[in-house]
Amino acid sequence: DFTKEINQKENRKAIRSAIAATANPEKVKERGHVVEDVELPLVVEDKFEEIEKTKDVKKALEKLGLEKELDRCSERKIRAGKGTMRGRKYKGKKGPLLVVGEDKGIKKAGRNIPGIDVVTVENLNAELLAPGTDAGRLTVYTENAVNKLDEGLFN
């Protein structure tokens, strides 16, 4: 068991600072995301939560100007060392995080795109917002998710 308990105040502060970093274009670019002419934070309308097909999610993200980011995430490399033999052959890059207010089919549709994670606001954590402890992950929020964050979920 490699889990470690963390103080509630400390955890909430980590999540708040990671959310703040998603709105900082310098931090996002520093993390390696390819974003050009995109105003951060990315907020889309609630219809986005109802998408049920992977190709529709991909089209929507391309319309947002994230085509180069999706290409970057689709590349994978072979891992060095013994992990190759132990079922961990490929390493992929982390791409956009989709934060939704409630899942109406988007989770199933988005999970097949390499590098993309889909999460509801209630299940948001610091590891998803700052993978590898590097804050500033490119994040797409729905309006519903932003409203739930404003209600003080992590205060």
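Among the listed pairs 104/148; 13/89; 53/93; 93/148; 63/104, those with a Cα-Cα distance over 26 Å are 13/89; 93/148.
Using the Cα coordinates of segment 1-108, the gyration tensor eigenvalues translate into equivalent-ellipsoid semi-axes of 25, 22, 17 Å, sorted from longest to shortest. When the charge dipole of the chain is built from unit charges on Cβ atoms (+1 for Lys and Arg, -1 for Asp and Glu) and taken about the Cα centre, the candidate among 100, 80, 90 whose Cα reaches farthest toward its positive end is 80.
With Cα atoms defining each centre, segment 104-155 and segment 6-29 are spaced 12 Å apart in the structure.
Taking packing as the residue-averaged number of other Cβ atoms within 10 angstrom, the listed peptides 125-135, 91-101 run from highest to lowest as 91-101, 125-135.
Surface composition of segment 76-120: carbon and sulfur atoms hold 45% of the protein heavy-atom accessible area at a 1.4 Å probe. Assuming charge only on the beta carbon of Lys and Arg (+1) and of Asp and Glu (-1), the dipole of the chain about its Cα centre is about 1180 debye to the nearest 20. Using θ = phi - 60° in the Karplus curve 6.51 cos²θ - 1.76 cosθ + 1.60, the 3J(HN,Hα) couplings for segment 138-150 round to 5, 10, 10, 9, 8, 4, 4, 5, 5, 4, 5, 5, 5 Hz; x is entered for Gly and Pro.
Computed over protein heavy atoms with a 1.4 Å probe, the accessible surface of segment 34-103 works out to 67 Å² per residue. Excluding residue 92 itself, calculate the net charge of residues whose Cβ lies under 9 Å from the Cβ of residue 92, where each Lys or Arg counts +1 and each Asp or Glu counts -1. Here the charged neighbours net out to +4.
The values are calculated or read from the model by the stated rules, or taken from the named source; none is laboratory data. Because the structure is a prediction, the values reported are computed rather than measured. Cβ coordinates were reconstructed from backbone atoms using ideal geometry, including for glycine residues, and neighbour counts include every protein chain displayed. Protein only, heavy atoms only, side chains kept; ligands, DNA and RNA dropped before computing areas. Shrake-Rupley method; radii C 1.70, N 1.55, O 1.52, S 1.80 Å.
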